[in-house]
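These notes concern the structure reproduced below.
The values are calculated or read from the model by the stated rules, or taken from the named source; none is laboratory data. Everything quoted here is computed from the prediction, not taken from an experiment. Reconstructed Cβ throughout: ideal geometry from the backbone, glycine too, with neighbour counts over all protein chains shown. Surface accessibility is based on the protein's heavy atoms, side chains included, excluding ligands, DNA and RNA. Shrake-Rupley method; radii C 1.70, N 1.55, O 1.52, S 1.80 Å.
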Amino acid sequence: MSDDYALVDFALTQAEPSAVIPALGRSFATVAAAALARSADASGPERGFLARLTGRRRRPPELPALRVQPASSLPEAPLMQPVATDLGFSARGGAMRVTAPLGSARLTLIELHEGNAGSSAICQALSRELGGAEVFYFRNSGPRHPGADYAFHVYEGGRATRRASSRSPLGDAPEAPWEAIDGGMPHPVEVDSLPRPDPPAWQVMTPQRQASILAALGLDPATLFDPPAPGAIQVALGTDPGGRPLTEALTRSGLRAPPGFAGPPAAPPEPEPQQATGLSGAQGTESDAEIPDPGSSDWEEEVTALLIEAVESGLPEESQIAWLNDLTRRLGAGDIDGALSDARALMEAGGQDAGGRQATAARLYRLFGRALD
């Protein structure tokens, strides 16, 4: 492993790769959609949802989906950021690599690129998609970083249950301007490395603590990024349109769900042909229709149409723009579930019949990769 890097980001989970890979695709779409909404909100009412409402149809660029790429498309492990940037997952075209199994616990390793927001949007979304499986996120800085950046997070069920990090934007001596996060209850894998109470900022998370945590997870830090052992699998992911759909990763990469493991959900059966009834038509028609690629122009237009339909049926005209503006802000902040819940409540207060409201809300949830309760 080269030491000529600024940042290395990676995650570990006990979930099987046959579940992790499709979940990463959905997580990438969620994070990309939030970035799209954040961009629309930052640009004001000339962009995104508000532009649709006011008739100015300036489309944002399409956001490509995550796809399986040739192994040669990525550099040797680990994926590195040569300089410290704030571009996050999009900095390398969504580049990720999945390797499994690792260690005695047969963990799945995910290499990725993250930004400097103090949390991992991809890992948070991934933990939501994986249900009860914990996702352990690590960040380690190298000589190219102007200071230092070390982090350990635990995500479960779509939220961060533990964040411990020490970051200095300039210099790595104890007297440097360190910033620390020490939130949530320490995880059992930290027990052997916990610092004394109220540690200085530079001691909240260190490379030595990270090595101890990896050892507690049954891994040797010195060989973590070695070539996969015989029988292990390794899948490269990215947004190059020449790649293969994620659904093919299970067959072409030799992935098989072990006995007793549910794996990714099966594709729903094709709906019976029905007469088109519009976005809010009969239940079981539009909500079961094929979902456009998240971030595509078709996806953006359908999401926008559903939200405009909601505000027009449930709010007075003078309140519609403010509501949409607030919704795009929340989507940009990653509050996908909360924003969808409020949109559903507005739809249920509208003028459609009960079946129409249910179908409209179900379709909106499906466009964001969620299931309506």
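Results, tabulated for the structure shown:
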quantity	calculated
Candidate set from the range 325-356 (those that are outside any helix (DSSP H, G or I) and under 19 Å from the mean Cα position of the chain (by Cα)); member that is modelled with the highest pLDDT	ASP335
Single unsatisfied condition, GLU290 versus (1) assigned to a helix (DSSP H, G or I); (2) modelled with pLDDT of 75 or more	(1)
Condition met for SER212 (part of a strand (DSSP E or B) and surrounded by 15 or more Cβ atoms within 10 Å (Cβ to Cβ))	no
Tally of residues being at pLDDT 80 or above and of a type outside the set (Asp, Glu) across the range 52-81	16
Spans of strands (runs of 3 or more DSSP E) in the range 121-197 with at least 3 residues under 23 Å from ASP3 (Cβ atoms)	135-141, 148-156, 159-168
Pair list, Cβ under 8 Å, 6 or more apart: the range 144-173 residue of a type in the set (Asp, Glu), other residue surrounded by fewer than 20 Cβ atoms within 10 Å (Cβ to Cβ) and not in a strand (DSSP E or B)	ASP149/ALA84; ASP149/ASN116; GLU156/GLY132; GLU156/ALA133; GLU156/GLU134; ASP172/GLY147
Which numbered condition ASN140 misses (of (1) closer than 16 Å to ALA84 by Cβ; (2) more than 21 Å from the chain's Cα centre (by Cα))	(2)
Residues located in the range 97-123, provided they are under 13 Å from VAL8 (Cβ atoms) and among the charged types (D, E, K, R)	ARG97, GLU111, GLU114
Condition check for GLU111: open to solvent by 10 Å² or more (accessible area, probe 1.4 Å) and of a type in the set (Asp, Glu)	no
Close pairs from the range 175-203: first within 20 Å of ALA216 (Cβ to Cβ) and in contact (Cβ under 8 Å) with a residue 60 or more places away in the chain, partner open to solvent by 90 Å² or more (accessible area, probe 1.4 Å) and in a strand (DSSP E or B), Cβ under 9 Å, at least 6 apart	none
Top-ranked residue of the range 1-26 - restricted to ones that are open to solvent by 10 Å² or more (accessible area, probe 1.4 Å) and part of a helix (DSSP H, G or I), ranked as nearest to VAL98 (Cα to Cα)	PRO17
Given (1) at pLDDT below 75; (2) more than 30 Å from GLU312 (Cβ to Cβ); (3) open to solvent by 10 Å² or more (accessible area, probe 1.4 Å), index of the condition GLY88 fails	(3)
Pick from the range 215-252, criterion open to solvent by 20 Å² or more (accessible area, probe 1.4 Å) and of a type in the set (Gly, Ala, Ser), ranking: farthest from ALA23 (Cα to Cα)	ALA222
